[in-house]
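*Asks:* Pasting a structure here, questions to come.
The values are calculated or read from the model by the stated rules, or taken from the named source; none is laboratory data. Note that the structure is a prediction, hence the values are computed from the model and not measured. As a convention, Cβ positions derive from the backbone with ideal geometry for all residues, glycine included, and neighbour counts pool all protein chains shown.
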Amino acid sequence: MNKHLLSVINKRINQAKPLYLVICMMASAFLSKPVLGQELYVFSEPASNMPAKALSLKYAGKFLEGYHSGKTEQRQAFAAQLGINKKWMLRASTTISDMYSYPVTRWESVNVYAKYRFLSKDEVHKHFRAAAFMEAAYSRNDLYYDELSLEGDQSGVQAGLVFTQLLHKLALSSTLSITEVIHEQRRNDDSPQGLYPYASFNYSLSAGYLLLPRKYVSYKQTNFNIYLELLGSNTLVKSLHFVDLAPAFQLIFNSNTKLNAGYRFQLSGNMHRMATESFLISLETTFLNVLKPHKK
């Protein structure tokens with residue numbers, strides 16, 4: 001890691017709120033210990049699926065300072081996720097936002113996602129799992145930025161692989177994927193930036209640690225998890241890239257309701273992006289055994 005990148009990391013961490021600085025310090029202290037792990041990541045998906053025959057409902061809010069408006073802009077996402085069985089899960093989501101229409105908030109996009117877990121090696125207090133996923137999105141937004149995202153920004157498809165290793169209280173995960181934008185503007189040489197990139201290679205490396213409770217005595221105990229995720233992307237048409245770091249924390253209530261909060265910031269990059277810093281907060285509740293077989 002060169003001196004410039006180190007200086008960027010130090011600058012961004014110093015700018016972060018004290019809470020996130022504490023999270024990073026705690027992560028560095030605990031992730032080195034070989035100590036039931038958590039893999040319910042805040043900014044990425046694990047290879048593990050949600051429980052079979054279960055349904056989850058999720059709200060997520062993303063907040064950032066818009067590149068063009070200079071104001072706080074937001075995106076609200078609403079998702080329903082279904083565990084078909086131990087290998088398959090499905091998700092459908094929609095977003096409303098003012099990021100491309102500030103100050104007007106409007107309906108923005110719809111997204112569908114499917115994941116298939118094709119490998120699982122389970123042992124006591126540890127496992128290794130691998131999965132393949134695919135998603136497709138429709139967005140009403142025009143192309144204005146180099147960063148490719150199906151979170152509401154653009155219409156397109158994405159496919160990839162995810163690998164997750166659980167080691168007692170520590171969970172490590174990595175994702176590799178390709179995204180392609182499907183939009184009539186993608187080859188428009190008369191656009192403000194010339195040819196927009198329309199395909200990217202994306203990657204992530206995520207770590208999660210179960211900090212509390214120290215000892216389980218009931219499923220009703222509140223869990224406190226900390227996370228640190230490295231998120232990056234390289235376009236396949238232009239020599240453009242970014243690398244982000246995202247510390248986060250998570251509270252789980254009654255083993256079925258999850259509250260997340262995270263801060264994402266850029267370490268390095270040369271893309272024209274909507275923002276290089278953002279905050280995320282989300283709330284998700286899971287309902288077990290929704291897909292019960294009908295009794296004859």
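*Asks:* Those residues that are more than 29 Å from THR276 (Cβ to Cβ), outside any strand (DSSP E or B) and either of a type outside the set (Lys, Arg) or in contact with a His (Cβ under 8 Å, 6 or more places away or on another chain) (or both), I need them from the range 64-106; list them, please.
*Replies:* ILE84, ASN85
*Asks:* Is it fair to say SER48 is under 26 Å from LEU205 (Cα atoms) and surrounded by 15 or more Cβ atoms within 10 Å (Cβ to Cβ)? Please lay out each step first, then the result.
*Replies:* Numbers: under 26 Å from LEU205 (Cα atoms): yes; surrounded by 15 or more Cβ atoms within 10 Å (Cβ to Cβ): yes.
So SER48 passes the test.
*Asks:* Just for the range 97-137: of the residues that are of a type in the set (A, V, I, L, M) and within 30 Å of GLY66 (Cα to Cα), which one is farthest from the chain's Cα centre (by Cα)?
*Replies:* Restricting attention to the range 97-137, the residues satisfying the condition of being of a type in the set (A, V, I, L, M) are 99, 104, 110, 112, 114, 119, 124, 130-132, 134, 136-137.
Narrowing the set further to residues that are within 30 Å of GLY66 (Cα to Cα) leaves 99, 104, 110, 112, 134, 136-137.
Numbers: MET99: 18, VAL104: 26, VAL110: 17, VAL112: 15, MET134: 15, ALA136: 16, ALA137: 16 Å.
Per the stated criteria, the residue is VAL104.
*Asks:* Please go through the range 161-180 and pick out each residue that is surrounded by fewer than 20 Cβ atoms within 10 Å (Cβ to Cβ) and not charged (D, E, K, R). Before you say what the answer is, go through the steps one by one.
*Replies:* Within the range 161-180, the subset surrounded by fewer than 20 Cβ atoms within 10 Å (Cβ to Cβ) is 161, 163, 165, 167-168, 172, 174, 176-178, 180.
Scanning the range 161-180 gives LEU161, PHE163, GLN165, LEU167, HIS168, LEU172, SER174, LEU176, SER177, ILE178.
*Asks:* Among residues belonging to the range 207-263 that are surrounded by fewer than 19 Cβ atoms within 10 Å (Cβ to Cβ) and of a type in the set (Lys, Arg), point out the one that is nearest to LEU176 (Cα to Cα).
*Replies:* LYS238
*Asks:* So PHE242 ticks every box in (1) within 29 Å of LEU288 (Cβ to Cβ); (2) at pLDDT 95 or above but one. Which box is left unticked?
*Replies:* Condition (1) is where PHE242 drops out.
*Asks:* Being over 16 Å from SER149 (Cβ atoms), modelled with pLDDT of 95 or more and crowded, with 17+ Cβ neighbours inside 10 Å is true for just one of SER56, SER97, SER109, SER93. Which residue is that?
*Replies:* Only one candidate passes the filter, namely SER56.
*Asks:* Need the failing condition index for TYR203 against (1) modelled with pLDDT of 85 or more; (2) assigned to a loop (DSSP other than H, G, I, E, B), just the number.
*Replies:* It fails just one condition, (2).
*Asks:* Exactly one of (1) crowded, with 16+ Cβ neighbours inside 10 Å; (2) part of a strand (DSSP E or B); (3) of a type outside the set (S, T, N, Q); (4) touching a Ser or Thr at 6+ places or on another chain (Cβ under 9 Å) is unmet by GLY61. Its number?
*Replies:* (1)
*Asks:* Of all residues in the range 112-121 being under 19 Å from GLY83 (Cα atoms) and of a type outside the set (A, V, I, L, M), which is surrounded by the fewest Cβ atoms within 10 Å (Cβ to Cβ)? If you could, list the steps in order and put the result at the bottom.
*Replies:* Restricting attention to the range 112-121, the residues satisfying the condition of being under 19 Å from GLY83 (Cα atoms) are 112-120.
Now narrow it down to the ones that are of a type outside the set (A, V, I, L, M): 113, 115-118, 120.
On the way: TYR113: 19, LYS115: 23, TYR116: 13, ARG117: 21, PHE118: 11, SER120: 16.
Here the residue is PHE118.
*Asks:* While we're here: Out of all the residues in the range 275-283, is one or more hydroxyl-bearing (Ser, Thr, Tyr) and in contact with a Leu (Cβ under 8 Å, 6 or more places away or on another chain)? Break it down into steps so the answer makes sense when it comes.
*Replies:* Filtering the range 275-283 down to residues hydroxyl-bearing (Ser, Thr, Tyr) leaves 276, 278, 282.
Retained after the next criterion (residues that are in contact with a Leu (Cβ under 8 Å, 6 or more places away or on another chain)): 278, 282.
Yes - at least one qualifying residue is present in the range 275-283.
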